[in-house]
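The values are calculated or read from the model by the stated rules, or taken from the named source; none is laboratory data. What you see is a predicted model; the values in this text were computed from it and never measured. All Cβ positions, even for glycine, are placed from backbone atoms using ideal geometry, and neighbour counts span all protein chains on display.
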Amino acid sequence: MKAGEIFVGGKWQATRSGETYQPINPANEEPIGVVGKGDEGDIDLAVTAARKAFDEGPWPKMSPHERGRIVWRLGDLIQQNLDEMARLESLCTGKTMFDSGKVEIPFAAEVFRYYAGWARPSCPGTSPSCSRPGRSLPRSPPATRW
């Protein structure tokens, strides 16, 4: 990745306009780095790429169990990189390291794990059998470690 690029369609690339900007550290008002300044056209490209990946990529071919394992793994990766992510969160937002490292980032990991639980069928058989009309889902997913 080069400074000022954006990630679209599985690869880093310059914005259509080539414009960049420098986010400012709220603690000392110094630039943090250089990021791409995407515009409406970049958003359209990203949405089109995401739709194609969602419709034609490996995700729609996976079972709910496989999807849940991937989403759970995202929570694990956030937790494993907690210190670095907390520093970035504090740097970008001006939050204290306590807020970022003990509250915000661990909570983000738990959100991924929560939604991973929803990928599991909540009734016997396959997932489509759970979506029949009149079928209700539980209020909270099963607490399952993938």
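Residue count for segment 8-39 satisfying the condition of being hydrophobic (A, V, I, L, M, F, W, C) and closer than 17 Å to residue 92 by Cβ: 5.
Filtering segment 43-73 to residues that are among the basic types (Lys, Arg) and within 23 Å of residue 120 (Cβ to Cβ) leaves 61, 67, 69, 73. Kindly list the number of the only condition in (1) loosely packed, with under 14 Cβ neighbours inside 10 Å; (2) more than 21 Å from the chain's Cα centre (by Cα) that fails for residue 47. Only one criterion in (1) loosely packed, with under 14 Cβ neighbours inside 10 Å; (2) more than 21 Å from the chain's Cα centre (by Cα) is unmet by residue 47, namely (2). For segment 81-98, the set of residues classified as in a helix (DSSP H, G or I) and either at pLDDT below 95 or of a type in the set (A, V, I, L, M, F, W, C) (or both) consists of 82, 85, 86, 87, 88, 89, 90, 91, 92, 93, 97, 98, listed by residue number.
Figure legend. Inter-residue proximity from segment 101-115: first residues in a helix (DSSP H, G or I), second residues surrounded by fewer than 18 Cβ atoms within 10 Å (Cβ to Cβ), beta-carbon distance below 6 Å, spacing 6+ or different chains. Indicated pairs: 105/82; 109/79; 112/74.
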